[in-house]
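The values are calculated or read from the model by the stated rules, or taken from the named source; none is laboratory data. Model, not experiment: these values are computed from the prediction. Neighbour counts run over all protein chains shown; Cβ positions are idealised from the backbone, glycine included.
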Amino acid sequence: MDENKKAAQKKKITHGFMMALLILLFLIFIFPFILVVINVFKTMGDITSDPLALIGAHGFTVQNFPNAMKSMGFWGAFGNSLVVTVVSTVLTLLISAMAAFVIVRNKWIACTLLFSGMIASMVIPFQVLMIPLVSLYGGVFGVLNHRVTLILMHVGFSLSMATFMFHGAIHTNIPLELEEAAYIDGCTRWQTYWKIVFPLLKPTIATVAIIDAMAFWNDYLLPSLVLGRKELYTIPIATQVFYGAYSTDMGLVMAALLLAMLPILILYLFLQRYIVEGVTSGAVKG
Amino acid sequence: MKRNTMSYKIQQYVMFAGPATLLFLAVVVVPLIYGLYLTFTSWDGVSTQRPFMGAANYIAAFKDAAFWQALGRTFIYSAIAVVMVNVVAFFLAYLVTSGIKGQNFFRAGFFIPNLIGGIVLGYVWQFVFNRAITAIGRSLSISSLSIPWLSTPNGAMACLIIVSVWQYAGYMMLIYVAGFMSVSKSLMEAAQIDGCTKAQATWNVTIPLMRSSFVQCLFLSITRCFMVYDVNLSLTKGEPFGSSVMAAMHVYNQAFTYRNYGTGQAEALILFLVCAIVGVTQVYIGKKGEVEA
């Protein structure tokens with residue numbers, strides 16, 4: 001009895017210690033974000049004189065937000081990012097799931113070739129392709145500076161991984177008998193795919209959508225190479241250009257950084273469970 | 001319906017895999033081949049002529065001292081960052097799987113840096129290093145804190161490592177958490193009944209069984225650190241005096257700033273080969289000793 005009590009007490013102490021450690025680590029982890037939040041409501045002078053104070057000497061201000069929005073063209077960049085991310089994600093899902101279906105169900109040479117090519121390409125980093133990409137599509141075809149070009153490139157780069165994941169899902173989770181039953185009932189392949197297979201892929205669709213949408217939204221290097229005109233900028237490019245021009249006005253910078261982070265943080269608040277699950281299953285399979 | 005005719009097969013393939021094939025060829029395969037061709041030409045990005053150069057670009061790449069310096073720097077940075085990322089991530093995973101209250105909240109919290117792009121993160125940390133830490137240093141009058149770390153070469157490297165650890169630890173933590181969860185609790189209990197302490201059981205039972213998680217995390221963190229660009233650009237921009245230019249940034253500058261497309265592409269291929277060799281070796285060694293319960 002006494003032994004048990006002692007053990008329970010010891011357990012309680014270790015738990016308390018671990019809890020304190022976790023809270024401390026958590027605070028260190030979010031310290032940069034806290035810093036941005038407390039400084040965004042200060043004037044430029046207050047930030048320079050004391051960036052750690054909770055409230056600046058000249059009081060509380062929200063003026064940084066409208067100013068930053070205007071000079072970084074926030075709503076335009078937000079709209080561009082949204083269009084590019086949503087269209088690229090939807091296209092990736094549709095195209096790769098379809099390709100995975102035909103690859104899994106047929107042993108044709110073309111399918112094997114495509115799939116092994118995709119698997120092999122997953123190790124190629126973007127840096128190896130960026131120079132030929134720019135010289136080919138910029139220098140030879142001259143199709144840079146269009147959203148469509150960026151979207152198609154996003155889709156092309158994320159296809160391999162997505163097809164690979166759908167391949168696994170169709171292979172293990174969708175019984176062939178189900179499709180055969182549909183054929184007997186008179187469905188064509190096309191109808192079977194859309195009515196039977198695609199709806200059953202929902203969990204994988206969610207995983208791929210989360211991973212790719214986050215990657216598209218945050219990508220900087222590819223969009224910066226493709227989009228050169230201000231009205232096409234996505235949020236990462238707009239932030240980078242804005243920082244180059246206004247890096248001395250700390251108040252504006254803080255507001256711009258917070259604005260750049262807010263959309264995805266708000267989304268995370270609601271979809272946190274799905275995002276964490278999606279990223280984990282994507283990472284473990286990939 | 002005839003399912004064996006060639007025309008049926010072609011029609012099916014084009015219908016389902018046509019768009020994927022087309023995009024894959026256009027965005028990955030053709031640029032890869034075209035990139036190889038570029039390494040044998042000299043092109044400035046503007047002119048219509050691309051004179052054939054032979055192996056001159058590769059010779060230029062091998063003679064480019066700045067490139068090898070950047071590559072060496074990337075090695076040092078990656079080695080330190082990869083070890084620290086994985087140590088921190090494993091430790092965090094251990095803490096958030098110990099059955100503590102609110103562990104899902106902490107898991108979600110440590111993951112936050114991964115939601116945000118490297119460009120924005122770099123600027124946030126620039127503020128932390130240049131303003132906040134110097135302010136702490138001044139108010140406590142600690143001289144090593146009052147000069148901005150980003151203004152010295154070693155300091156800039158250290159900052160880059162700190163930010164990378166902070167950025168990737170949460171992501172790798174999730175993989176280690178999945179690893180911890182996959183090891184069945186009964187094995188731990190059996191070890192403890194046999195007289196192991198909890199630490200011994202973790203070291204001798206759980207960690208060997210999580211080997212595949214380690215292999216995966218190491219591979220992911222090695223490839224990511226080797227190819228670091230976004231944070232490098234926004235946090236240090238290669239400064240001070242070009243002392244924090246990583247290999248990927250050097251390749252970018254070589255091609256798009258100095259307009260040596262051929263040499264840049266040759267260096268990109270070398271970088272890729274080095275990274276692939278390191279990554280594959282690591283996976284090979286890691287997989288060899290895998291154990292199963």
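Before moving on, here are some points about what is shown:
- Checking each residue in region A:134-156 for being more than 11 Å from every other protein chain (Cβ to nearest Cβ), assigned to a helix (DSSP H, G or I) and surrounded by fewer than 16 Cβ atoms within 10 Å (Cβ to Cβ) picks out only A:VAL148.
- Selection of helices (runs of 4 or more DSSP H) fully inside region A:39-114 by the criterion of at least 3 residues being more than 10 Å from chain B (Cβ to nearest Cβ), at pLDDT 90 or above and surrounded by fewer than 17 Cβ atoms within 10 Å (Cβ to Cβ) returns A:74-105.
- Residue within region B:126-141 that is without any contact (Cβ under 8 Å) to a residue 40 or more places away in the chain, in contact with a helix residue (DSSP H, G or I) (Cβ under 8 Å, 6 or more places away or on another chain) and outside any helix (DSSP H, G or I) present: no
Let's see how each residue does on (1) in a helix (DSSP H, G or I); (2) over 27 Å from B:PRO153 (Cα atoms); (3) hydrophobic (A, V, I, L, M, F, W, C):
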| position | (1), (2), (3) |
| --- | --- |
| B:SER244 | no, no, no |
| B:ALA248 | yes, no, yes |
| B:TYR252 | yes, no, no |
| B:ALA255 | yes, no, yes |
| B:GLN265 | yes, yes, no |
| B:PHE272 | yes, no, yes |
| B:ALA276 | yes, yes, yes |
| B:GLY279 | yes, yes, no |
| B:LYS287 | yes, yes, no |
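Rundown of residues vs (1) modelled with pLDDT of 85 or more; (2) surrounded by fewer than 22 Cβ atoms within 10 Å (Cβ to Cβ); (3) of a type in the set (Asp, Glu), yes/no style:
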{"residue": "B:THR5", "(1), (2), (3)": "no, yes, no"}
{"residue": "B:PHE16", "(1), (2), (3)": "yes, no, no"}
{"residue": "B:LEU22", "(1), (2), (3)": "yes, yes, no"}
{"residue": "B:LEU32", "(1), (2), (3)": "yes, yes, no"}
{"residue": "B:SER42", "(1), (2), (3)": "no, yes, no"}
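- Filtering region A:220-240 to residues that are out of contact with any helix residue (DSSP H, G or I) (no Cβ under 7 Å at 6 or more places or on another chain) and within 25 Å of A:PRO125 (Cβ to Cβ) leaves only A:GLY228.
- Any hit, region B:72-84, residues being under 15 Å from the mean Cα position of the chain (by Cα) and either at pLDDT below 80 or within 13 Å of another protein chain (Cβ to nearest Cβ) (or both): yes
- Candidate set from region B:126-148 (those that are under 16 Å from B:VAL231 (Cα atoms) and in contact with a Phe, Trp or Tyr (Cβ under 8 Å, 6 or more places away or on another chain)); member that is farthest from the other protein chains (Cβ to nearest Cβ): B:PHE129
- First in region B:73-100 and part of a helix (DSSP H, G or I), second anywhere and of a type in the set (S, T, N, Q), Cβ under 6 Å, 6 or more apart: B:ALA81/B:SER164; B:VAL82/B:SER221; B:VAL85/B:SER221; B:VAL96/B:GLN103
- Count - residues of region B:101-122 that are more than 14 Å from B:TRP166 (Cβ to Cβ) and part of a helix (DSSP H, G or I): 7
- The lone exception for B:TYR171 - which of (1) among the aromatic types (Phe, Trp, Tyr); (2) free of Cβ contacts under 8 Å to residues at least 12 places away in the same chain; (3) under 22 Å from A:LEU25 (Cα atoms) it fails: (2)
- Number of positions in region B:248-293 that are more than 8 Å from chain A (Cβ to nearest Cβ) and not charged (D, E, K, R): 25
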